[in-house]
Structure formats: structure tokens, C-alpha cells
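No lab work stands behind these numbers, since they all come straight from the coordinates. Nothing here was measured: the structure is a model prediction, and the numbers come from that model. Every residue, glycine among them, receives a Cβ derived from its backbone with ideal geometry; neighbour counts consider all protein chains shown.
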Amino acid sequence: MSDTVTLHINGRPVQVPQGTTVAAALEIAGQTYSRRSVSHKARGALCGMGVCFECRVTIDNVPHCRSCQTLCVQGMEVVTDD
Amino acid sequence: MTRSRQNWDVLVVGAGPAGMAAACEAAQAGARVALLDSQHTLGGQIWHGEQQHPKSRAARHWFSRVQALDITVFTRTTVVAAFSPQSLLAETPKGPLVFDWHRLILATGARELFIPFPGWTTPHVTGAGGLQSLVKSGWPIQGKRVVLAGSGPLLLAVAQAIKKEGAHVCCIAEQTPWLRLAAFGQGAAAHISKLWQGVDIGLSLLGVPYHCGWWPVRAEGQDLLRRVTLSNGRRERSIECDVLACGFGLVPNLKLASLLGCAGGGPFVSVDSHQQTPREHVYCAGELTGIGGVDAALVEGRIAGLCAAGQLDRARTLFPRRRSWHCFQDKMAQAFGLQEALKSLPDEHTVVCRCEDISYGQLVSHANWQDAKLQTRCGMGSCQGCTCGASLQFLLGWSRASERPPVLSTSIKTLIGEETGH
Amino acid sequence: MSQAWDVIVVGAGIVGTACARACACAGMKVLVVTQGSIAEGTTGAGMGHVVILDDSEAQFALTEYSRRLWRALLPDLPAAVEVVQCGTLWVAADQEEMDEVQRKAAFYQKHAVRATQLDAQTLRQAEPNLRPDLAGGLQVYDDMVVYPPSACLALLAQAQQQGAEVRCHASVARFLPGGGVVLTDGTKIPCAQAVNAAGCGAPALTPGLPVQRRKGHLVITDRYPDYIHHQIIELGYLKSAHVVSSDSVAFNIQPRQTGQMLIGSSRQNGDESPDVDHAILTRMLKRAKWYMPGIDQLQALRCWTGFRPATPDKLPLIGPSPRQDHVWLATGHEGLGITTSLATGSLLADLILERVPEIPAEPYLPARLLTGDLKDV
């Protein structure tokens, strides 16, 4: 098994080490925010432990996934808010 | 019958130090033990990601003990509700699981307290422990300029850890005034292991400015953090940086205990000398009973595990050790108590409820949490008040109304609670 | 006798505030007293639908009248009321229920209620997330959804604009025989008339009142805008609301302005505990999943319970209390409190002022259930 994983973030391929969370992958890819708030402000990870829900993204068409709690898997499609 | 749906002698929820210690003692005493955690691996927050590479003697000891004993471990398993008086409902990636229990030990730990201030919602403002967790799971920190701010020894531990990963730690702002901190340092030196820890951290952070009596008042940046402003109540200083990691201490994760009717409405779960809560057969250990760090968590966990397995005499031998760590715990609480000045951090435009974008100005006019929630939607979003509720408790003294399931956002599939294909 | 007020309304839920508003707008000096704060009881827990039901002529008359009053009020409601003008889709699982759809369609047409029958295909187009093999449905256009606590506050604000006053955290112990109320702290507030709009707390103030607490469960999801476009109710809802003795569930889902969805419903008698009952929650969610197979993939943020004040004949009590002088009743609205609140207020004000109400008041008069002695029902 490879030591790295390739996933897609907003359509762009990103290669990360095995064991990396999606939240970390976003930052590696230069995507500094995961979502837009109710009043359209950029938001990113805050608590790092899955309780604040600020790191939410859509993964494989499932919305509201906490990226800090999700490990990257080969072929994953991650979409953030614009 | 699925492997979860057995009548566990001792069910332990949370696999941080307290939970691991409890599970080990109960299993050693012959009980059939299940140990649950929402994370992928054991260790909780403080030993997050260390299962393969423990970084301390204690971590090494407990990770290997859990491996060696007959404990059924369920990771990626999040307890979401009390399904019935003697069973818990949990969410897993493969579907719901129900756990029947004879004795229950709650060790659900703590989360960081966030105090809102202008700009705190800007990306790259994170928790202190939050940053550490992110970095442990691959978040790139090398070369980034980081300011740490808030309260507690956690700031130092995080600074040390991220410095090792190549972060440039600009400074650490500890809100505790110098005199109180010095007094704590003297008291802490009585606990030898803490003294060594202190020396170790001190050496590794040589050259990092450590400002006592300072706290963050403003974070600036359009969609990304550029600058942080700190204050000591009289002066301000601004620092250009990439990340602000702020943590104002810890608050216990009480929601499950609350749903089980054993939280009692206070800031922590009250337990007797056997670590038993007011609800019979439900025990509690670790940060849930008081913020005390690893050492208190371990001894409390051990006592809870022994008592849940009926080994009261052996548990009693650990009481003096627990007393000693509780003494340290009290000193910590006194030293790092939050200053009144921090209650003025948010201005009227500062977002307090991040899920629904409700500002402090919209909230202060209400009498209590219940009114604010009904009239502003505060606490009605994805985190269900987990973040803002704790902030408002500190800022306005608001206590939470009675809790409702699930413990956190859960799939409807899980709530239906029908186990399939495990 | 104090001349300060003409009427005291006990209860500041949707019915109490609607009564206060109607009385205040009719020129009465109104005092609202409530044991807690605004909308803390059933109103704060419920779904907030404004829906026409035609279980009986009397129920239809009341819901239709009240819905008209809601629609007239829309321009005056603040944004916080979060009105969603989504209409209701009644869904039929089989031919028997389609027959009911046809009956309702004909009835609504006769009474000028805008509604359209949908066959299986148009139902699928209207709501793609419903299971594809339903028989069809009935779309009732002018039904809507409001956010109950804000609606309640809005009605109260309108009452206050007409001079009404409110006292919160003022618990009423009993009615004064000569008119008015006595608070639990001993304060006496004499008044010519008093209204018992205390919902589930009403029987404590009017002994023998045939109002029972009927427990319900609700689940709210995270935001999924466009998942549904209408409030959706299974026709079996009517069977569930009919059943008085045993526990029942019926599928009901409602879109909120935020894109979150409220899923219901359940009915239980005799369970006094506010705790979530996971056994019935499972039944309720399984029923929802039968109608919307993908629903189990959605995130639920919170489950809670509420108690509906229910009468034995599914109609509220609006009118003079047969055994208490100077006391009027406005309670027992079960699951139709939001819908029928405005009509209740209107009827009550008419009755107090001896004006001819817009719809006959007889079916709702308390004397039908409460005469000299308590009737067994």
C-alpha cells in the first residue's frame, strides 16, 4: 500500500500522507477555509476535535462532514463552500 | 447477537487516560469490559495520535496495558443517546450499535473554552489544543508564525509541540498575572514530575517571549488571519502572524452525563470517593469531575475501574494519590482562573454563536439561555450550543437548560437504532 | 373592583397571546400573566404549521377561518416569524388513501379552498425525495409554516401596541370568585373577566377540565435546503390524531426557512416524562424513512418532546367556563394551536363583547363537555 493518498479538493487533485485528515489536506492544498457562514463569512477549523462543526465540507456528495474527524481516502471528492 | 449487544460488565465511554486506566483495572479484575471512543485510535485529546508512538512513559505504559488485557475496544464509536435505562446508542461509520451495560464509566473528557473577541472567527484562529490536534493529523505548521494566547499550561505544551514541527512561535500570551503564576510554579514544584515537565518545557521554549497578564483583543485579516492584537488592560501590542491558537482553559463534556441524569447541574459531575455519580452504577473519571490533567485522570480512572469491578479495597489504596493530584488540581484552578477583564472581550458585533452568526449585542439583552435561544436562534445550529454555550456561561453566567439527545449531530439512521451488518 | 383592566389572560402561548391581541384590538384593556416567560409551553415545542383540517365541519370551519386571519396578518409579521409559504402536500400510500384525497379535493373545491390533486407522477415531480411508488396526493396551496415563538411574540407585540400589559414569572394559583386571579405569591388582581389560556396547565385552574397532556416527539435536521418544497403529511396522520387511547406515529415533515427540516409526529397518552422515549422515536423515524427512503442519511441535530393539551372530541374549548363565573376558556387545541389561535382569539373577543362571531361558536363551547358534573368521555 502506498504511503500517500490522492484526493480531490474542489476538483483539484491533492496528494497527502496516509493518516492525514481532510482538514489538514485542505490546508496543504492552500484551501484556507472550509465553509461560508450564514452571513457568508469564511470559516475554517477551530477546535480540532469535532465539536465546533466549523470545519464542515461536503465529502463524496454528503454535506456537513467534519473534515477534522475524517481521514483522507484515495479518490475522495471534497467540496468546500465557494 | 452482534458483538456490541452483550451485557458488558463494565462499559467505558472515552478512551483518554481516565478511560484507558478504568478499562484496564476493570479488565484486570476479571470484568468483561468494552472501551469506546469516537476517534480512530485511543488516547483521547492529550495522547491523540500516540497509540503507535507514545511520547511519555505514562502513555507507553497505558497503551501497552490496554493491548495486553482482554478489553474489547470500539473506536470510531460515538455514544449519542441513552437508548434505555441500561443501554447506550452509538454511531459508527457502519451504522448504529447498542451497548447494554451493568456498570458504566463516563470519561468523556473536556473541550477548550472559547471566549469570543473581535475577529476570532477568521480562518487560522484556532484553539490551542485544537491547533495541536490539527498538526498531529497533518496540518502543515512548518514556517508558520504562531501566537499562542489564553490560559493554562496547555499553551506551553502546544508551543513545545509545534516548535518541534517547525513552527515559529512568536510569543505566548498567558492571561494569568505573573505573581499568581510564580506562586503556582512554587506550589507545582512540590510535585516532582511536574517540576521536570516544567524544566523540560522551559528549556525547549528558550527565546520564546512569554507575556503574563496579556490576552488577545483583536484578530485581523480578510478571510485569513494577518495580525493579532494583545492587551494587558493598559497597553496593546500587535503582532503580524499566520496562526493564533487560543485556549482559555477547559470545560468538561457533560452532555452524556446530563442525558443520563447524573450531571447534577453543576460545572462538573459530582462523585463520591468511589468515583460513583449520584446515579447508581454510573461512575465518572477524568476532566468530567474537575480539570486536573493526566495525572488526576489516571488515578481517578483506576479507582473508577476498580470500584465498578467490585475491588473496593484495592481502590482505597489509591485514595492518597488521588488526594495529592486533587491538591495540584486545586492549585491549577486557582492559578489559571480567568480574569474579569476577559468578560469584556466581545463587543456588540462580535459573533458568539458561530453556527447561526448571532452577535454578542443580540444576546446580552436576554435574561437567560432559554430566552436567547428561542428568540435569536443562538445554539440552534450544527453544534447545538457546544461552543457558544460554554462562552456564554463564562461571559454572562448563563447555565444550560435541560439537555436533549443526541449528544451531537447524528444521522437519522443511527437514531433509528437498528443494528445491521456488523 | 379594580378598573385597571377589562380582561386578564392567563397564559402567554400562541392561544393566550392571540386572545390578548384580539381583545386589545377590540378596545379592551388587557393584562397577560404567565408563569414563566413567553411561549415556554406547548408553543415553544411544536411544529408551527398553519394547516386546514377537515376532520369535521367544525374543525374545518375553525381552521379555515383562522388560516384566513393568518394570511391577512402576513404583511404585518416581522421577519423573525420565518413564514414559509410552502403549502401542504397530503400524501396517499394506496388507493384507499387516494379515495380520501378525492373526497378532500371535492370538499375543498366546494368551500373555495385552493387545492390540486396530484397523481403518482406529479407527486414525484413535486417531491423527488418521497418514495416513488406512492399513489398520489393533494396539494393545499395556502397552508404555511411559521416559527412559533416569534409568531407568539409578534402577536403579543401587537397586543401591547394596543395597550396590553404583560407580567412574566407571575404564576396564577386560582381564579377569584368575583372575577380576576390570585397569584401564587398571594397577590390578588381583581378583574371583570379572566381567560384560562394556560394550555396543559389549564386543568389546574379549572378543575375537572377534560384536557389531557398528549406527548409528542420532534426531530430537527441540519440544513438541507431544497430537500423538500412543501410541508408533507401522510393521510394516516388523521388516523393517528383520531386515536385517543394508544401510542401512535404519523409521518409529517416541515421545511424551515433555514433549510432545516422538522420531522414528526408521535402521540402518547399517560407518559408524563419530558424525556425522549427512544422506542417511539424509532417508530416515528422508521415511518418517516418509509415515506422518504433517503432520510436516514440526514443529520439530526436535536430530538425533543412537547405536550399537546387535548380534549376528548378533538375540538378546542372556547367560551365561558360553565362552573366558574367571570372565567372564559381558550384551551385544548391539541396539535392545532398555531393554526387556530387567531380564530380562537377572534371568537373569544366576540363572545366576551357579545358580538356575532364570523363562524358559529357553538361547536367549541365548553358547555358541550363540561356541564353541572363532569361528563365521562
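Please name whichever of A:16, A:50, A:75 sits farthest to the positive end of the charge dipole of chain A, dipole taken about the Cα centre and charges placed at Cβ: Lys and Arg +1, Asp and Glu -1.
A:50
Semi-axes of the equivalent ellipsoid of the range B:84-180: what are they in whole Å, largest first, if each equals the square root of 5 times a C-alpha gyration tensor eigenvalue? Kindly include the intermediate steps, with their values, before the conclusion.
Values: eigenvalues 245, 66, 37 Å².
Calculated on Cα positions only, the semi-axes equal 35, 18, 14 Å.
State which entries of B:94/C:289; B:163/B:194; C:110/C:215 exceed 27 angstrom in Cα-Cα distance in the structure shown.
Working: B:94/C:289 18 Å; B:163/B:194 21 Å; C:110/C:215 35 Å.
In this structure, C:110/C:215 lie more than 27 Å apart at Cα.
Compute a Gaussian network model of chain C, connecting alpha carbons closer than 10 Å, and tell me which residue from C:345, C:186, C:264 fluctuates the most.
In this elastic network of chain C, the residue with the biggest mean-square fluctuation among C:345, C:186, C:264 is C:186.
Give me the one-decimal nm value for the distance between modelled label points at residue A:3 and residue A:41, 7 Å along each residue's Cα-to-Cβ direction.
About 4.1 nm, to one decimal.
Quick check on the protein assembly as shown: of the DSSP beta bridges with both residues there, what percent are antiparallel, nearest 5%? Provide the component values of the computation, followed by the final result.
On the way: 90 of 144 bridges.
Rounded to the nearest five, the antiparallel share is 60 percent.
With only Lys, Arg, Asp and Glu charged, each at its Cβ (+1 for the first two, -1 for the last two), find how big the charge dipole of the protein assembly as shown is about the Cα centre; round to the nearest 20 debye. Kindly include the intermediate steps, with their values, before the conclusion.
On the way: 79 positive and 77 negative charges, 469 e Å.
Magnitude of the dipole: close to 2260 debye.
Would you kindly calculate the translational diffusion coefficient of chain B, applying Stokes-Einstein with the Kirkwood radius from alpha carbon pairs, for 10 °C and a viscosity of 1.306 mPa s, and quote it in µm² s⁻¹ without decimals? Can you show the working numbers first?
Details: Rh = 22.2 Å.
Once the numbers are plugged in, D ends up at 71 µm²/s.
Multiply the residue separation of residue B:344 and residue B:212 by 0.36 nm, subtract the distance between their alpha-carbon atoms, and state the gained length in nm to one decimal.
On the way: separation 132, 0.36 × 132 = 47.52 nm, distance 1.84 nm.
Extra length available between residue B:344 and residue B:212 comes to 45.7 nm.
If R0 is 45 Å, what FRET efficiency do you get for residue C:297 and residue C:171 from their C-beta distance, rounded to 0.05?
The value I calculate is 0.50.
How compact is the range A:4-79 by the rule of thumb for globular proteins, expressed as Cα Rg over 2.2 N^0.38 Å? Could you put the intermediate results ahead of the total?
Working: Rg = 11.3 Å, N = 76, 2.2 N^0.38 = 11.4 Å.
The value comes to 0.99.
Using each residue's phi in the range C:163-168, evaluate 6.51 cos²θ - 1.76 cosθ + 1.60 at θ = phi - 60° and report the 3J(HN,Hα) Karplus result to the nearest Hz, with x for Gly and Pro.
For the range C:163-168, the Karplus curve yields x, 5, 10, 10, 10, 8 Hz.
Rg/Rh for the range C:246-377: what does it come to with C-alpha atoms and Rh from Kirkwood?
On the way: Rg = 18.8 Å, Rh = 17.5 Å.
Using only Cα positions, Rg/Rh for the range C:246-377 is 1.07.
Calculate the tail of P(r) for the range B:318-422: the fraction of all Cα-Cα distances greater than 18 Å, expressed in %.
Values: 3340 of 5460 pairs.
Tail of P(r) above 18 Å: 61 percent of Cα pairs.
Just the number, please: percent antiparallel of the DSSP beta bridges in chain B, rounded to the nearest 5. If you can, show how the numbers build up before the last one.
Numbers: 27 of 61 bridges.
Restricted to chain B, the bridges split so that about 45 percent are antiparallel.
Rank B:182, B:127, B:225 by how far each Cα sits towards the positive end of the charge dipole of the range B:114-248 (+1 on Lys, Arg Cβ; -1 on Asp, Glu Cβ) and give me just the farthest.
Projecting each Cα onto the dipole axis, the largest value belongs to B:182.
Where does chain B land at 222 nm, in deg cm²/dmol rounded to the nearest 500, when only DSSP H runs of n ≥ 4 count, each adding -39500 (n - 2.57), divided by all residues? Display every interim value, and only then the final one.
Details: 14 runs with 141 residues, N = 422.
Theoretical 222 nm ellipticity from helices: -10000 deg cm²/dmol.
Estimate the FRET efficiency between residue B:57 and residue B:84 by the formula 1/(1 + (r/R0)^6), using the beta-carbon distance for r and 30 Å for R0, to the nearest 0.05. List each step's numbers first, then the result.
Numbers: r = 41 Å, r/R0 = 1.37.
After rounding to 0.05, the efficiency reads 0.15.
Against the empirical 2.2 N^0.38 Å scaling, what ratio does the C-alpha Rg of the range B:223-272 come to?
Working: Rg = 18.9 Å, N = 50, 2.2 N^0.38 = 9.7 Å.
Rg over 2.2 N^0.38 Å, computed on Cα atoms: 1.94.
With Kirkwood's inverse mean 1/r over C-alpha pairs for Rh, give me the Rg to Rh ratio of the range C:162-321, two decimals please.
Details: Rg = 19.6 Å, Rh = 18.3 Å.
That ratio is 1.07, to two decimals.
Rounded to the nearest 0.05, what FRET efficiency do residue C:68 and residue C:279 have when you use their Cβ-Cβ distance and R0 = 41 Å?
Details: r = 40 Å, r/R0 = 0.98.
Computed FRET efficiency for residue C:68 and residue C:279: 0.55.
Just need log10 I(q)/I(0) for the range B:340-396 at q = 0.25, 0.31 Å⁻¹, Debye formula, equal scatterers on the alpha-carbon atoms, no solvent, rounded to two decimals.
Reported log10 I(q)/I(0), two decimals: -1.00, -1.50.
Note the full-extension length gain between residue C:120 and residue C:226 as 0.36 nm times their separation in residues minus their Cα-Cα distance, in nm to one decimal. Provide the component values of the computation, followed by the final result.
Values: separation 106, 0.36 × 106 = 38.16 nm, distance 2.01 nm.
Length difference between fully extended and current span is 36.2 nm.
How big is the dipole moment of the range C:1-127 about its Cα centre under a simple scheme where the beta carbon of each Lys and Arg is +1, that of each Asp and Glu is -1, and everything else is neutral? Debye, nearest 20, please.
Values: 10 positive and 15 negative charges, 127 e Å.
Taking the Cα centre of the range C:1-127 as origin, the dipole is about 620 debye.
Could you tell me how many degrees, from 0 to 90 and to the nearest 10, lie between the Cα long axis of helix B:153-164 and the main elongation axis, the longest principal axis, of the Cα atoms of chain B?
Rounded to the nearest ten degrees, it is 80.
Less than 10 Å Cβ to Cβ from residue B:318, Lys/Arg counted +1 and Asp/Glu -1: what total charge do the surrounding residues give?
On the way: positive: B:302, B:314, B:316, B:321, B:322, B:323; negative: B:25, B:300.
Summing Lys and Arg as +1 and Asp and Glu as -1 gives +4.
Search the structure for amide H atoms under 5 Å from the amide H of residue B:73, placed 1.01 Å from N in the peptide plane, and list their residues when 5 or more places away or on another chain.
The answer is B:35.
Give the angle, between 0 and 90 degrees and rounded to the nearest 10, that separates the Cα long axis of helix B:57-68 from the longest principal axis of the Cα atoms of chain B.
30
Would you pull out the residues with amide H under 5 Å of residue C:77's amide H, same chain only if 5 or more places away, H placed 1.01 Å from N?
none
GNM on chain A, C-alpha springs below 10 Å: top fluctuator among A:22, A:57, A:38?
Largest GNM mean-square fluctuation: A:38.
Between the helical axis of B:319-336 and the dominant principal axis of chain B, each derived from Cα atoms, what acute angle in degrees is found, rounded to the nearest 10?
20
Kindly provide the pair-distance distribution of the range B:231-324 built from C-alpha pairs, with 5 Å bins from 0 and whole-percent values in order of increasing distance.
3, 12, 20, 18, 14, 8, 6, 6, 6, 5, 2, 1
Per the Kirkwood formula on distinct C-alpha pairs, the Rh of the range C:23-97 is how many angstrom? Could the numbers behind the result be given before it?
Numbers: mean 1/r = 0.0632 Å⁻¹.
The answer is 15.8 Å.
Can you compute 3J(HN,Hα) from phi for each residue in the range B:77-89, using the Karplus curve 6.51 cos²θ - 1.76 cosθ + 1.60 with θ = phi - 60°, rounded to whole Hz and x for Gly and Pro?
10, 10, 6, 10, 6, 8, 5, 7, x, 10, 8, 10, 9
How much net charge surrounds residue C:272 when only the other residues with a Cβ under 15 Å from the Cβ of residue C:272 are counted, with Lys and Arg +1 and Asp and Glu -1? If you can, show how the numbers build up before the last one.
Values: positive: C:213, C:214, C:215, C:267, C:308; negative: C:247, C:271, C:275, C:277.
Around residue C:272, the surrounding residues sum to +1.
Among C:237, C:180, C:208, whose Cα projects farthest towards the positive end of the dipole of chain C, with charges put on the beta-carbon of Lys, Arg (+1) and Asp, Glu (-1)?
So the residue we want is C:180.
Amide H to amide H under 5 Å from residue B:226: which residues, 5+ apart in sequence or cross-chain, H placed 1.01 Å off N in plane?
B:220, B:221
Through the Karplus equation 6.51 cos²θ - 1.76 cosθ + 1.60, θ set to phi - 60°, convert the phi angles of the range B:297-311 into ³J(HN,Hα) values in whole Hz; use x for Gly and Pro.
4, 5, 5, 5, x, 4, 5, 4, x, 5, 5, 4, 8, x, 9
Please report how far the C-alpha centroid of the range A:47-82 lies from that of the range B:308-334, rounded to the nearest whole angstrom.
Each part reduced to its Cα centre gives a spacing of 40 Å.
From the mean inverse distance of alpha carbon pairs (Kirkwood) and the Cα radius of gyration, derive Rg over Rh for chain C.
Numbers: Rg = 20.4 Å, Rh = 21.0 Å.
Using only Cα positions, Rg/Rh for chain C is 0.97.
Please report the projected area of the protein assembly as shown's Cα convex hull averaged over all directions, in nm².
Details: hull surface 156.1 nm².
If I average the Cα hull's projected area over directions, I get 39.0 nm².
Mind checking the full-extension length gain between residue C:103 and residue C:133? Use 0.36 nm per residue of separation minus the Cα-Cα distance, one decimal, nm.
Details: separation 30, 0.36 × 30 = 10.80 nm, distance 2.11 nm.
Taking 0.36 nm per residue and subtracting the Cα distance, the gain is 8.7 nm.
Add +1 for every Lys or Arg and -1 for every Asp or Glu among the other residues with Cβ under 12 Å from the Cβ of residue C:247, and state the total. Present the calculation step by step, with values, prior to reporting the outcome.
On the way: positive: C:214, C:215, C:267, C:283; negative: C:271, C:277.
Summing Lys/Arg as +1 and Asp/Glu as -1 gives +2.
So if I take the centroid of the Cα atoms in the range C:135-150 and the same for the range C:172-225, what is the distance between those two points in Å?
So the separation of the two Cα centres works out to 28 Å.
To the nearest whole number, what is the average tally of beta carbon atoms from other chains within 10 Å of the beta carbons of peptide A:57-69? Can you show the working numbers first?
Numbers: counts 0, 0, 0, 0, 1, 4, 6, 10, 1, 3, 1, 5, 6.
So the per-residue partner count for this stretch is 3.
How much mean residue ellipticity at 222 nm does chain C get from its helices, if each DSSP H run of length 4 or more adds -39500 (n - 2.57) and you divide by all residues, to the nearest 500 deg cm²/dmol?
After summing the helix terms and dividing by residue count, I get -9000 deg cm²/dmol.
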